[in-house]
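What follows is calculated from the coordinates using simple rules that are stated; it is not laboratory data. Not measured: the values here are computed from a predicted model. FYI the Cβ positions are ideal-geometry reconstructions off the backbone, even for glycines, and counts take in every protein chain you see.
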Amino acid sequence: MKIFGIDVIKGSVRSRSKRPMYALVVLSGHEIESESEVSGFRLLRLLNREKPDILAVDSLQEISVDQHDLFSFLQALPPSVRLVQVTGGEKKETLGKVASRFNISFNRFDPFDEARTTARVAALGAGAEVIAFENESEIVVSRHRSPGKGGWSQNRYVRKMHGAVQAKAREIVMELMAAGLRYEKKETRAFGGCSRVSFTVQAPRDQVPVSTYRGADVQVRISGKRLERIRFRPLSRKPPYLIAGIDPGTTTAIAALDLDGNLLLLQSSRQISMSGVIEALYHVGKPLIISSDVHEMPFSVEKIRRAFNAVAHTPRQDMSVEAKHTLTSGFVYQNDHERDALSAALEAFRTYRNKFQSLQKRVPPGYDLEEVRAGIVRGQSVEQVIGDLKEKGAPAEEKAPPVEMNAVRDERLRILDGTVKRLRTLVAELQEDLQKRDQQVIRLQERLKRVRSRQDERVRSDAEMVKRDVIIQNLKKRLRKEERSNTTLKKRIERMKEFDEALLSGETIPLKILPALTREGVKTLAGEMGIREGDVLYLPRVEGFGKNAAKDLAQAGIAALLVGEYAGETVAPQVEAVFREFSLPLLTGGQVRVVVKGKKGAADPLQYRAALKRWEESQVLYEKEKKGQMLEQIFQEYLTERGKEMKKVG
């Protein structure tokens with residue numbers, strides 16, 4: 001692995017006059033290959049030429065002013081080069097603190113020493129990789145020069161460029177298809193081919209089998225799709241080691257410290273199970289020590305310890321409340337359960353603190369102190385831990401076959417065998433718990449099915465009852481409506497029978513009472529007694545008048561209309577004119593004697609016939625007079641037209 005470590009010697013990226021100069025240290029494997037002083041432009045040329053695995057910096061502000069400038073810098077880097085900020089991502093630390101984690105010391109006033117330290121800690125897995133692009137890339141093929149105003153050969157020149165763009169785009173299509181990458185293509189058609197072709201490829205830049213190109217007529221640019229904001233991904237996925245204190249019971253409390261004694265987790269809950277405790281610790285790190293505040297570790301805590309294969313720690317005797325208050329005086333906790341868990345973790349840390357501090361003098365630089373501390377807690381010597389770390393970190397070709405390590409290997413095999421046995425016991429216990437849970441789930445599911453079936457039957461019966469009630473209510477409404485209609489029709493039939501009986505007797509002329517000479521009055525009478533051909537109607541008083549009502553009566557074919565409340569034998573001229581127009585007899589109360597009782601009436605037959613005869617005679621005279629007026633009007637119109645024609649001739 002080749003790593004470039006840099007640090008600013010002088011200048012700044014924010015200055016326009018003094019551009020930065022960097023101390024560059026090239027680390028190949030575990031050896032320093034070269035050290036030099038380079039400018040920003042020279043650094044980019046070296047990165048594009050040598051393509052190292054990592055470019056390590058202690059602060060992103062040394063290479064970019066803001067996020068936009070950082071995007072531009074990352075775009076200029078080769079796709080295979082990873083930019084790593086060794087001081088962390090969102091939560092940054094000092095370079096000295098990161099270096100002390102690997103027992104490395106340096107002169108912070110020497111840029112080359114800082115660059116050297118930056119490269120070394122990056123090689124050991126410290127820091128976070130800067131992620132600025134999504135897993136999507138864009139390839140743009142376009143013209144490398146402008147067509148210009150042109151001359152005699154302008155069309156041939158443009159056609160040549162556009163054809164070259166189209167040909168280059170086809171080559172890229174073949175390369176993407178050969179690599180099996182998904183893509184979307186957009187073309188801008190132009191004379192002779194394409195002026196621009198863009199590809200959106202579903203792959204990061206380092207997996208795109210196309211490189212940036214600039215030719216005489218065509219250029220190819222490759223860029224990644226930017227994220228909305230810069231993200232950081234830890235370079236090493238190894239979780240930190242933890243010292244965990246657990247207080248089981250109705251309310252379970254968990255406390256977790258790192259190997260430097262910093263509090264990482266403190267929580268309590270009445271509903272958390274043992275599997276929930278394991279999951280909570282797993283999200284924080286890897287427990288190295290599991291401790292409790294009583295001398296004999298509870299069985300539930302022992303099960304958690306087995307799950308992580310951690311080292312158990314218990315005090316020599318049960319901790320008193322005063323000792324717990326003394327240990328946790330500098331921390332904030334919510335209840336006594338959290339206090340007990342925190343005091344158990346702090347007691348375990350205090351037991352190993354002196355050993356951890358003495359290791360910094362015995363461990364050579366370049367080794368992860370957390371791994372060394374973990375080995376010491378597990379019972380190994382410093383030499384054994386360093387030997388194991390050397391064996392893991394050495395390249396494959398440099399590893400020598402073990403010759404005199406039989407005792408160590410046998411000891412490790414014995415430890416691993418014990419671990420396997422403990423894990424098998426734990427797996428058996430967990431399988432028993434799982435089987436019990438499965439049986440309980442089956443019982444609850446059957447019970448739930450029975451409850452749901454009863455509820456479904458109740459819901460269906462209730463819905464059916466509601467539906468039937470609605471149908472019954474509608475039928476009752478229809479029945480009441482039909483009964484009212486039936487009663488009305490019966491009354492109407494009775495009145496019509498009485499009217500017919502009176503008509504057949506011949507003693508009187510039966511009359512049907514018309515409430516008003518309007519269409520509404522006619523509809524009312526038709527609904528109550530009906531209006532048939534030959535009926536004689538009686539209108540007590542002419543208070544309103546409608547020509548359409550008279551027309552409806554004439555179309556119904558009534559025999560006559562008697563009008564009351566008149567002293568003489570004539571009615572209003574406009575009313576009489578309407579009835580004469582429809583040839584409908586209109587008789588007055590002065591001509592015929594009428595007797596009215598309620599909605600029925602009767603007229604003297606002799607007077608009625610005499611009055612009807614007189615009306616018919618007057619109707620004959622009215623029609624003759626109307627015809628004479630019509631002839632006279634025609635004659636007058638003829639004379640007028642004739643006079644006009646004579647004037648034209650004269």
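Between K286 and residues 5 or more places away or on another chain, which pairs have amide H atoms under 5 Å apart, with H built 1.01 Å from N, and which residues are they?
Residues meeting the criterion, in which the H sits 1.01 Å from N, are Y241, L242.
For the range 326-378 and the range 243-316, compute the distance between their C-alpha centroids and round to whole Å.
So the two Cα centres are separated by 14 Å.
Report, in listed order, any pair from K91/K238; K286/K436; K512/K551; K303/K421 with a Cα-Cα distance greater than 21 Å.
On the way: K91/K238 17 Å; K286/K436 29 Å; K512/K551 18 Å; K303/K421 13 Å.
In this structure, K286/K436 lie more than 21 Å apart at Cα.
I'd like to know which of S583, A556, Q629 lies farthest towards the positive end of the charge dipole of the range 506-634, counting +1 on Cβ of Lys and Arg and -1 on Cβ of Asp and Glu.
My answer, from the dipole projection, is A556.
Loop-only check: which trypsin sites (Lys or Arg not before Pro) in the range 586-650 are DSSP coil with at most 14 other Cβ within 10 angstrom?
On the way: sites: R593, K597, K599, K600, R609, K613, R614, K624, K626, K627, R642, K644, K647, K648; in loops: R593, K599.
Passing sites in the range 586-650 are R593, K599.
State the answer as a single residue: which of V382, S292, G276 lies farthest towards the positive end of the charge dipole of the range 241-395, with beta carbon charges of +1 for Lys and Arg and -1 for Asp and Glu, about the Cα centre.
V382
How much length is gained on full extension from A554 to L263, taking 0.36 nm per residue of separation minus their Cα-Cα distance? Write out the running numbers ahead of the final one.
Numbers: separation 291, 0.36 × 291 = 104.76 nm, distance 10.81 nm.
Between A554 and L263, full extension yields 94.0 nm more.
Please list, ordered by chain and number, the residues whose modelled amide H lies under 5 Å from the amide H of A190; skip anything fewer than 5 residues away on the same chain.
Distant-sequence amide H within range of A190: S195.
How large is ³J(HN,Hα) for each residue in the range 423-428, as worked out from phi by the Karplus curve 6.51 cos²θ - 1.76 cosθ + 1.60 (θ = phi - 60°), to whole Hz, x for Gly and Pro?
Per-residue couplings from phi come out as 5, 5, 4, 5, 4, 4 Hz.
From the backbone phi of the range 479-488, what are the Karplus-calculated ³J(HN,Hα) couplings (6.51 cos²θ - 1.76 cosθ + 1.60, θ = phi - 60°) in whole Hz, Gly and Pro given as x?
5, 4, 5, 5, 5, 4, 5, 5, 4, 4
Using a simple charge model, +1 on the beta-carbon of Lys and Arg, -1 on the beta-carbon of Asp and Glu, nothing else, what dipole does the range 241-395 show about its Cα centre, in debye to the nearest 20? Could you put the intermediate results ahead of the total?
Values: 17 positive and 19 negative charges, 71 e Å.
Here the size comes out at about 340 debye.
Have a look at the DSSP beta bridges in the range 229-371 and tell me what percent are antiparallel, nearest 5. Don't skip to the end; give the middle numbers.
Values: 11 of 19 bridges.
Given both bridge residues lie in the range 229-371, the antiparallel proportion sits at roughly 60 percent.
What range in the chain is the longest one free of chymotrypsin sites (Phe, Trp or Tyr not before Pro) that are in a loop by DSSP and have at most 11 other Cβ atoms within 10 angstrom? Write out the running numbers ahead of the final one.
Values: sites that count: F109, W152.
Looking at the chain, 153-650 is the longest stretch - no exposed chymotrypsin sites (Phe, Trp or Tyr not before Pro) with at most 11 other Cβ atoms within 10 Å.
Treat every Asp and Glu Cβ in the chain as -1 and every Lys and Arg Cβ as +1, leave all other atoms uncharged, and give the resulting dipole magnitude about the Cα centre to the nearest 20 debye. Mind showing how you got there, number by number?
Values: 110 positive and 88 negative charges, 381 e Å.
My answer is approximately 1840 debye.
Measure nothing but the geometry: give the 0 to 90° angle between the long axis through the Cα atoms of 382-393 and the longest principal axis through the Cα atoms of the chain, rounded to 10°.
60
Quick check: Cα centre of the range 1-71 to Cα centre of the range 134-201, how many Å?
Result: 35 Å between the Cα centres.
Loop-only check: which GluC sites (Glu not before Pro) in the range 606-650 are DSSP coil with at most 12 other Cβ within 10 angstrom?
Numbers: sites: E616, E617, E623, E625, E632, E637, E641, E645; in loops: none.
Filter output for the range 606-650: empty list.
Name the residues whose placed amide hydrogens come within less than 5 Å of the amide hydrogen of L539, ignoring near sequence neighbours (fewer than 5 apart) on the same chain.
L514, L562, V563, G564
Please give me the summed charge of the neighbours of F349: other residues whose Cβ is under 12 Å from its Cβ, Lys and Arg +1, Asp and Glu -1. Spell out each step's value before the answer.
Numbers: positive: R350, R353, K355, R373; negative: D258, D260, E347.
Taking every other residue near F349 into account, the sum is +1.
What's the angle, to the nearest 10 degrees (0 to 90), between helix 299-308's Cα axis and the longest principal axis of the chain?
Approximately 80 degrees, to the nearest ten.
Can you give the % of DSSP beta bridges in the range 506-634 that are antiparallel, to the nearest 5? Write out the running numbers ahead of the final one.
Values: 8 of 17 bridges.
Antiparallel bridges make up about 45 percent of those DSSP assigns within the range 506-634.
What's the extension gain from V466 to D388 if we count 0.36 nm per residue and subtract their Cα-Cα distance?
Details: separation 78, 0.36 × 78 = 28.08 nm, distance 7.96 nm.
Fully extending the segment from V466 to D388 adds 20.1 nm.
Along the charge dipole of the range 405-489, which of T488, L448, L416 sits closest to the positive end, that is, farthest toward it, with unit charges on the beta carbon of Lys, Arg, Asp and Glu (+1, +1, -1, -1)?
T488
For the chain, report the % of Cα-Cα distances exceeding 46 Å. Don't skip to the end; give the middle numbers.
Details: 127088 of 210925 pairs.
That fraction is 60 percent.
Which three numbers, in whole Å and largest first, are the semi-axes of the equivalent ellipsoid of the range 545-650 derived from its Cα gyration tensor as √(5λ)?
Whole-Å semi-axes of the equivalent ellipsoid: 41, 14, 11.
Restricting to bridges with both residues inside the chain, how much of the DSSP beta-bridge set is antiparallel, in percent to the nearest 5?
On the way: 65 of 89 bridges.
Given both bridge residues lie in the chain, the antiparallel proportion sits at roughly 75 percent.
Would you kindly derive the ³J(HN,Hα) couplings of the range 43-55 from the backbone phi angles with the Karplus curve 6.51 cos²θ - 1.76 cosθ + 1.60 (θ = phi - 60°), listing them in order in whole Hz, with x for Gly and Pro?
Values, residue by residue: 4, 5, 5, 5, 5, 6, 7, 8, 6, x, 6, 9, 10 Hz.
Would you mind putting 242-250, 470-478, 511-519, 173-181 in packing order, based on average other-beta-carbon counts within 10 Å, highest first? Mind showing how you got there, number by number?
On the way: 242-250: 23.0, 470-478: 10.0, 511-519: 19.6, 173-181: 12.7.
Averaged packing, sorted descending, gives the order 242-250, 511-519, 173-181, 470-478.
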